[in-house]
1. Packing-wise, with mean Cβ within 10 Å as the measure, how do 140-148, 117-125 rank, highest first?
2. So for H135, H70, what's the accessible-area order with a 1.4 Å probe, most first?
3. If you add up the charges near Y173, with Lys and Arg at +1 and Asp and Glu at -1, over every other residue whose beta carbon is less than 12 angstrom from its beta carbon, what do you get?
4. May I ask you to derive the relative contact order of the range 50-135, considering only C-alpha pairs under 8 Å and at least 6 residues apart, and to give it as an integer percent?
5. Can you give me the solvent accessible area of L91 with a 1.4 Å probe, rounded to the nearest 10 Å²?
6. Would you report the distance distribution of C-alpha pairs in the range 134-281 as whole percents per 10 angstrom bin, up to the bin with the largest distance?
7. Using a probe of 1.4 angstrom, how much of the accessible area of the range 7-278 is carbon and sulfur, in percent?
8. L279: net charge of surrounding residues, Cβ under 15 Å, Lys/Arg +1, Asp/Glu -1, itself excluded?
Amino acid sequence: MSQAPRTLSFEFFPPRNEQAREQLKITRQQLRQFSPAFFSCTYGAGGSTRDGTLQTVTDIIQDGLNAAPHLACIGANKAELRQLLNTYRDLGVKRIVALRGDMPSGMGLFAQDDDLLHASDLVRFIRQEYNDTFHIEVAAYPEFHPQADSAEQDIAHFVAKCQAGADSAITQYFYNPDAYFYFVDEVAKQGVNLPIVPGIMPISGFAKLSRFSNSCGAEVPRWLRLKLQSFADDSASLKAFGLDVVTQLCETLLKGGAPGLHFYTLNNAGTVSTICQRLGL
Ligand code: FAD
């Protein structure tokens, strides 16, 4: 298990309008008390949120905080990527979350440049063109990527992605810590010892979590699913239970040596703040 210092980070998506942008500013102010290493912002593959991601990253930097834009290579070409990376570099961005990305459903996967089909290609491209300008984060899947041919292949692809020049990784969310510890051990056996930070998804409802988990290959274990379903319309009890479960998950991960936590905030500070406070972060 990595001995790197523990890092805390928070993920946003680009707000959809000015009001949401103002709200996100408040969220950032609430979360900065936990001294995160960075705030990341998602990117719609194919460039659908290009301006929104750039605006959010600019807002974060103007608040005097570290920003880590996500960048997806699928559906992009090198000239576009270069232009965006130059803009980020000039803004003072030091960290990029490099991804393949998912095109909107129905559009399939296509690469404008044949050598930008996988995240490892994007990592290689950034390293070749920008040397060490950016700390490169990549995605990891302790429960394996939904399109993986096999567990072994997925691990091999993750290892290749790290060898292409990644500095650290953030995982898809999960509720079974054993999957994370197993994944970290497996990749360590193949020589990958870079920090793999667990991605944490707070629980604030059942239907949405269930839908999203099905699409991204994250498992909501049966015991948890049935318990969440049993709250039906009692959202206060569901949230209280979800807080306990996720706080305990974080405790287990940190005690087991996880190098930090990356929270999927869904642009809300409330639940995430409570978890961080309970963890004494
Ligand atoms: P890859 O590492 O390329 O892997 C994707 C699949 O391809 C895997 O099944 C892998 O096994 C396989 N593969 C990899 N290399 C090869 C190869 N050489 N040959 C054959 N198969 C290969 N999506 C967005 O659109 N925008 C975001 O901002 C975003 N942020 C994310 C942040 C995190 C922390 C995580 C975990 C995911 C995020 N995603 C985002 C989702 C992500 O884009 C999808 O899961 C996508 O399907 C895979 O991206 P990747 O970078 O993991 O791809």
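1. Ranked from most to least packed, the peptides come out as 117-125, 140-148.
2. H135, H70
3. -3
4. Contact order relative to length: 33 percent.
5. Here the accessible area works out near 60 Å².
6. 11, 40, 34, 13, 2
7. Exposed carbon and sulfur together represent 47 percent of the surface.
8. Here the count lands on +1.
The values are calculated or read from the model by the stated rules, or taken from the named source; none is laboratory data. If you're wondering where the values come from, they're calculated on a predicted model, not measured in any experiment. Every residue, glycine among them, receives a Cβ derived from its backbone with ideal geometry; neighbour counts consider all protein chains shown. SASA here: full protein model, heavy atoms, side chains in, ligands and nucleic acids out. Shrake-Rupley method; radii C 1.70, N 1.55, O 1.52, S 1.80 Å.
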